[in-house]
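What follows is a single structure, written as structure tokens, with notes after it.
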Amino acid sequence: MKPSRYNIFLPLRQGRILAYNGFTGGFALWEKHEQETYQRLANGLAANLADPVVRSLIYGGYLVANYVDELALLEEQYNAHRFNERAMILTIAPTLSCNFGCDYCFQGLNKPTQVMSQEVQDAIVALVERSIPKINHLHVAWYGGEPLLQLKIIETLSDRLIGLCDARGIKYDAMMVTNGYRLNVEVAKSLYVRRLKTVQVTLDGNRSDHDQRRVLLSGKPTFDSITQNLREIVDSVPLPFSIRVNIDHRNRDQIHSLIDHLAEMGFGNRQTVRMYFAPVEAMTEGCHNVASVCMTKRQYGSLEADLYWYAFEKGLTSLPYPPRFHGVCGAVRPNAFVITPTGDIHKCWDTVTFPQHAVGSIFNIEAVVQNEKTQQWMDWTPFVNDTCRNCKILPNCSGACAYKFIHAQDTRGEAAILPCPSWKYNIKERLVLRAVKMGAITADDYDREMIKTEPSELCADVYLPGQALPDKMEAMYALAAK
């Protein structure tokens with residue numbers, strides 16, 4: 001037997017440890033005898049499969065047979081997950097126009113104002129109809145700009161797609177990203193009956209911070225309107241929604257007060273409400289102006305761990321657990337397309353306001369598949385990157401964000417050096433939160449410094465601004481810049 005390459009150990013007081021395995025998702029509390037058994041087998045002692053401790057170590061994935069190539073197995077599972085063509089994902093933007101003027105918007109402030117034509121809508125329905133013999137699931141993400149500026153298009157197109165899928169026995173579901181300003185009860189009811197599984201709404205700190213960052217184009221505030229909309233929805237419509245909080249140096253100190261405010265409004269311990277956090281990053285040309293206020297990955301990772309703990313206490317987040325293949329978004333799936341109001345097709349929704357990054361048109365989907373830019377997305381994989389290949393959280397992260405590799409020349413700050421997710425900077429703290437709230441350990445069982453995540457322990461290649469990148473990564477970035 002040999003140790004798994006994806007083991008992460010968290011030392012506790014009294015000689016115990018928490019053991020996590022990224023490949024299997026195994027999570028266990030080890031006493032001294034489990035640790036001793038693990039170490040003996042890791043040192044080459046023959047495994048006694050009659051021993052229940054040995055069986056549990058193997059079952060959890062902490063030990064694997066000497067002949068097992070975990071990296072090859074992981075890549076096989078990743079490819080099966082990513083290249084499943086039975087599911088179609090359509091991200092549809094009925095308009096790229098927006099009623100907000102957020103300074104950090106990656107789409108920029110000068111957004112196109114076109115509205116999706118009937119011809120483009122018909123072409124979307126025709127695409128799904130042609131694909132039905134090959135798919136068993138259609139997932140639609142309503143996007144913008146601000147999609148609710150064109151609610152009628154969403155309703156009409158949803159009804160057509162749902163009718164088509166129901167008639168052919170295809171599973172249909174949807175989600176939406178909206179600023180929430182027009183998300184009143186009647187709109188929520190309309191979306192719910194059209195099978196939206198979740199709606200994402202953004203609140204950027206308490207009222208004062210939010211109303212400096214997320215204002216109407218007229219400059220008027222939006223915080224009270226959005227929170228009142230959500231407050232009315234939560235009591236009358238079973239539409240799940242997630243509250244996203246974008247964080248940078250300007251609002252980092254006020255997120256706790258936002259959590260308190262939402263709890264006071266009655267959002268805590270609701271089955272339909274979940275909160276999550278995200279760093280502001282200067283990812284595209286449209287948001288380079290905020291590069292100076294972006295937090296470093298270490299700064300953000302430490303803050304995020306604390307915020308999840310605090311929000312969980314208020315009933316606003318679930319217990320964190322590392323995701324599986326987080327980086328497998330629609331951009332790198334063969335049967336996923338982002339469709340703009342003009343019918344242009346993109347692979348990633350971060351590029352929708354930049355026509356030069358389109359991969360084709362809804363009116364010629366065959367050409368989209370063969371497009372060189374499409375192939376660039378399909379060819380990208382974290383398994384050719386030595387840093388990713390050697391990282392303990394590769395099963396969770398799987399490269400995190402292909403855009404930050406493929407369009408690295410448009411990205412500023414640390415995200416342009418190595419686009420690792422916050423899990424690389426706080427996975428241990430978040431695992432401890434889970435263990436405490438599950439009742440496996442108590443606050444007296446650990447020391448915060450002892451369980452602090454050190455990225456270099458997860459992957460030896462941790463790069464800082466100004467440092468050279470590995471040759472393979474340099475070559476990938478050079479190819480992307482052509």
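Computed from Cα positions, the angle between helix 423-438 and the longest principal axis of the chain comes to roughly 80 degrees.
Pair-distance distribution of the stretch 81-124: all C-alpha pairs, bin width 10 Å, starting at 0; shares per bin in whole percent are 21, 35, 29, 16. For L12, the amide hydrogen comes within under 5 Å of the amide hydrogens of I17, L18, counting only partners 5 or more places away or on other chains and with H modelled in the peptide plane. Measuring between their Cα centroids, the stretch 217-253 and the stretch 39-110 lie 31 Å from each other.
Evaluated with a Cβ-only charge set (Lys, Arg +1; Asp, Glu -1), the chain carries a dipole of roughly 580 debye about its Cα centre, given to the nearest 20. Length gained on full extension, S218 to S456: 81.0 nm, using 0.36 nm per residue less the C-alpha separation.
Quick one: angle between helix 297-313 and the longest Cα principal axis of the chain, in degrees between 0 and 90, rounded to 10, please. Helix 297-313 and the main axis of the chain meet at about 90 degrees.
Only helices enter the 222 nm calculation for the chain: every DSSP H run of n ≥ 4 contributes -39,500 (n - 2.57), and dividing by all residues gives -11000 deg cm²/dmol, rounded to 500. Remark: the stretch 91-100, residue by residue, has Karplus-estimated 3J(HN,Hα) of 9, 10, 10, x, 7, 9, 5, 9, 8, 9 Hz, where x stands for each Gly or Pro and the curve is 6.51 cos²θ - 1.76 cosθ + 1.60 at θ = phi - 60°.
How large is log10 I(q)/I(0) at q = 0.17, 0.21, 0.22, 0.26 Å⁻¹ when the Debye formula is applied to the Cα atoms of the stretch 54-108, each weighted equally and without solvent? Evaluating at q = 0.17, 0.21, 0.22, 0.26 Å⁻¹ gives log10 I(q)/I(0) of -0.77, -0.92, -0.95, -1.05.
In Å, what Kirkwood hydrodynamic radius results for the stretch 1-147 from the alpha-carbon pair distances?
Working: mean 1/r = 0.0494 Å⁻¹.
This gives a value of 20.3 Å.
Measuring r between the beta carbons of L164 and F363 and using R0 = 22 Å, the FRET efficiency lands at 0.70. Amide H contacts under 5 Å for W142: I92, M175, M176, V177, restricted to partners 5 or more places along the chain or on a different chain, H placed in the peptide plane at 1.01 Å from N. Relative to the longest principal axis of the Cα atoms of the chain, the long axis of helix 70-82 lies at roughly 20 degrees. The residues of the chain present an accessible area of 42 Å² per residue when probed at 1.4 Å with all protein chains retained. The equivalent ellipsoid of the stretch 1-85 has semi-axes of 26, 16, 10 Å, largest first, where each one is the square root of 5 times an eigenvalue of the Cα gyration tensor. For the pair E36 and E313, a Förster radius of 35 Å applied to the C-beta separation gives a FRET efficiency near 0.45, rounded to the nearest 0.05.
Across the stretch 227-238, coupling constants 3J(HN,Hα) worked out from phi with the 6.51/-1.76/1.60 Karplus curve, θ = phi - 60°, read 5, 5, 4, 5, 5, 6, 5, 4, 8, 10, 9, x Hz, and Gly and Pro carry x. Rg then Dmax, both in Å and based on the Cα atoms of the chain: 23.4, 72. Here's how it looks for F277: its modeled amide H is under 5 Å from those of V245, which are all 5 or more places away or on a different chain.
Only lysines eight or more places from K373 in sequence, or on another chain, were considered; those with a Cα closer than 26 Å are K111, K134, K347, K404, K472, K482. When M176, M438 are compared by accessible area of protein heavy atoms, the largest-first order is M438, M176, using a 1.4 Å probe.
Taking the square roots of five times each eigenvalue of the Cα gyration tensor of the stretch 101-192, the equivalent ellipsoid has semi-axes of 26, 16, 12 Å, listed largest first.
In the chain, the portion of solvent-accessible area held by carbon and sulfur atoms comes to 51 percent [1.4 Å probe, whole percent, DNA, RNA and ligands not counted]. Local charge sum around P94 (other residues, Cβ-Cβ under 15 Å, Lys/Arg +1, Asp/Glu -1)? Within the 15 Å Cβ shell, the charges total -1.
The values are calculated or read from the model by the stated rules, or taken from the named source; none is laboratory data. Given the structure is predicted, the values throughout are model-derived calculations rather than measurements. Cβ atoms come from the backbone with ideal geometry, glycine included; neighbour counts cover every protein chain shown. With ligands, DNA and RNA removed, areas are computed over all heavy atoms of the protein, side chains included. Shrake-Rupley method; radii C 1.70, N 1.55, O 1.52, S 1.80 Å.
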